[in-house]
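Heads up, the thing below is written out as structure tokens.
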Amino acid sequence: MRFDAVLFDCDGVLVDSEPITNGVLRDILGEQGWALDAQTCVDLFVGHSVLDRAALIEQHTGQPVTPEWLATFRQRRDVALLRDLVAVPHIHAAVEATHTVTQGRIACASGADFGKVILQLTKVDLLQHFEGRILSGQDMPRNKPHPDIYLAAARLLAVPAQRCLVVEDTVNGALAGLAAGATVLGYDAQGDGAALRAAGVQHVISSMAQLPPWLMA
């Protein structure tokens, strides 16, 4: 096998959460006077945490992202996720196969807050594969696109980052994996992975069914 460990992003890789989270965010920002269409919201926020975009939110709404603001957003987001979240197609079989071939050396390394990651993995019945190996970029000195979270995940698994495969769907996440010295496998179910390739990703899949055979080739 080409790699000793596999490090999964969460949103957009394990769970199809981004349309749900962005819908809630659009609603809140609209209530505060910043009207965004769906694509603009995706362009501005996918691959970033809300905290990373706090200055931008304040600039357009005139309201700071306070702990109270964040708590309201997360509460509304979590209600929507618990109601509507589904797993990325074919991810259960892909994670199970990857867990087997790496002898359990897999981790979930997300830029989202830790509570959201746990909620989502529990909702789609993936938590058991990652328990004890879940990391949040918001607990790191720097979040993605910096390499901190992937370097920490590699240390947790006691595997050099150069022997890790990172599975990512966003440019920021891909940049984090590449900066850590890992190989990045891009996932783009909707297109040809052009943005990921432009960021330096050499390998892109369009279905999680392709992950196990690619990993073991």
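Just so it is clear, none of the values below were taken in a lab; they were calculated from the coordinates. Given the structure is predicted, the values throughout are model-derived calculations rather than measurements. Methodologically, a virtual Cβ is constructed for each residue, glycine included, from the backbone with ideal geometry; neighbour enumeration extends over all protein chains shown.
Mind running the shape call on the range 18-84? Use the C-alpha gyration tensor, a ≥ b ≥ c as the square roots of the eigenvalues: rounded below 1.5 for a/c, prolate if a/b tops b/c, oblate otherwise. It is oblate, given that a/c is not under 1.5 and a/b is not larger than b/c.
Using a ≥ b ≥ c from the Cα gyration tensor of the range 1-55 (square roots of the eigenvalues), is it rounded, prolate or oblate, where a/c under 1.5 gives rounded and otherwise the larger of a/b and b/c decides, a/b for prolate?
prolate
Projecting the Cα atoms of Gln190, Ala5, Ala94 onto the dipole axis of the chain, where Lys and Arg carry +1 and Asp and Glu carry -1 at the beta carbon, places Ala5 farthest toward the positive end. For the chain, the relative contact order comes to 25 percent (Cα pairs under 8 Å, sequence separation of at least 6).
Summing charges over all other residues whose Cβ lies under 13 Å from the Cβ of Gly137, with Lys and Arg as +1 and Asp and Glu as -1, gives -4.
What does the extension gain come out to for Arg53 and Ala38, with contour length at 0.36 nm per residue minus their alpha carbon separation? Before the final figure, lay out the partial values.
Details: separation 15, 0.36 × 15 = 5.40 nm, distance 1.67 nm.
Extra length from Arg53 to Ala38 when fully extended: 3.7 nm.
Summed over qualifying helices (DSSP H, 4 residues or more, each -39500 (n - 2.57)) and divided by its residue number, the chain shows a 222 nm mean residue ellipticity of -13500 deg cm²/dmol.
I need to check one value: relative contact order of the range 18-84, counting alpha carbon pairs closer than 8 Å and at least 6 residues apart, in percent.
Details: 46 pairs, mean separation 27.7, N = 67.
Taking the mean separation of contacting Cα pairs over the length of the range 18-84, I get 41 percent.
Counting DSSP beta bridges with both partners in the chain, what percentage is antiparallel, nearest 5?
Bridges in the chain are about 5 percent antiparallel.
Tally Lys and Arg at +1 and Asp and Glu at -1 over the other residues with C-beta under 14 Å from the C-beta of Pro64: what net charge comes out? Please report the intermediate quantities before stating the final value.
Numbers: positive: Arg53; negative: Glu58, Glu68.
Within the 14 Å Cβ shell, the charges total -1.
Exposure proxy shown here: for Ser17, Ser207, the number of other Cβ atoms within 10 Å sets the order, fewest to most, as Ser207, Ser17.
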